[in-house]
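Here is the structure we will look at.
The values are calculated or read from the model by the stated rules, or taken from the named source; none is laboratory data. Because the structure is predicted, anything quoted here is derived from the model rather than measured. Every residue, glycine among them, receives a Cβ derived from its backbone with ideal geometry; neighbour counts consider all protein chains shown. Just the protein is used for accessible areas: all its heavy atoms, side chains included, with ligands, DNA and RNA removed. Shrake-Rupley method; radii C 1.70, N 1.55, O 1.52, S 1.80 Å.
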Amino acid sequence: SAPLSPELRGKYNVRGVRVVKGDTVKVLRGDFAGEEGVVDGVDMKRCRLIVHGVMVIKADGTEVPRLIDPSNVQVTKLNLKDRLREERLGGGE
């Protein structure tokens, strides 16, 4: 799970939320601090996120995604295509 932005925190009255594919996150720590992108995938085995646009260049010139710990990002936009997730959050009641 990752912390929510102040706007979402006020709307849903929740500090953190489980990150899913499709959420938009802002990287807070590390080499890519300040970058914002959509979560392309979640590595459940290593508990890491794959964020669109956060890539490192290998020695042979190929780009590979940099895995990011969820505690180092802030969710700025939620993917609410899942009806159950939307119900759990409460929709800001």
inquiry  = Take V75 and tell me if it is assigned to a loop (DSSP other than H, G, I, E, B), in contact with a helix residue (DSSP H, G or I) (Cβ under 8 Å, 6 or more places away or on another chain) and surrounded by 12 or more Cβ atoms within 10 Å (Cβ to Cβ).
reply    = no
query = Residues in segment 1-12 that are of a type outside the set (A, V, I, L, M) and touching a Gly at 6+ places or on another chain (Cβ under 7 Å): how many?
reply = 4
remark   = Given the conditions (1) surrounded by 12 or more Cβ atoms within 10 Å (Cβ to Cβ); (2) farther than 21 Å from E86 by Cβ; (3) among the aliphatic types (A, V, I, L, M), every one holds for V39 apart from (2)
task = Could you run through segment 21-31 and say how many residues are at pLDDT below 95 and surrounded by 13 or more Cβ atoms within 10 Å (Cβ to Cβ)?
result = 1
key: Tally, over segment 73-85, of residues that are farther than 13 Å from D23 by Cβ and of a type outside the set (A, V, I, L, M, F, W, C)   = 1
ask   = Taking into account only those residues within segment 17-44 that are of a type outside the set (V, I, T) and part of a strand (DSSP E or B), which is nearest to T76 (Cα to Cα)?
value = K26
ask   = Residue check: is V14 under 21 Å from R85 (Cβ atoms), assigned to a loop (DSSP other than H, G, I, E, B) and more than 13 Å from the chain's Cα centre (by Cα)?
value = yes
inquiry  = If I ask for residues that are under 12 Å from L89 (Cβ atoms) and buried (at least 17 other Cβ atoms within 10 Å of the Cβ), which ones from segment 1-19 would you list?
reply    = L4, L8, Y12, V17
task = Would you please name the residue that is farthest from V17 (Cα to Cα), looking only at residues in segment 50-72 that are in contact (Cβ under 8 Å) with a residue 40 or more places away in the chain and open to solvent by less than 30 Å² (accessible area, probe 1.4 Å)?
result = I68
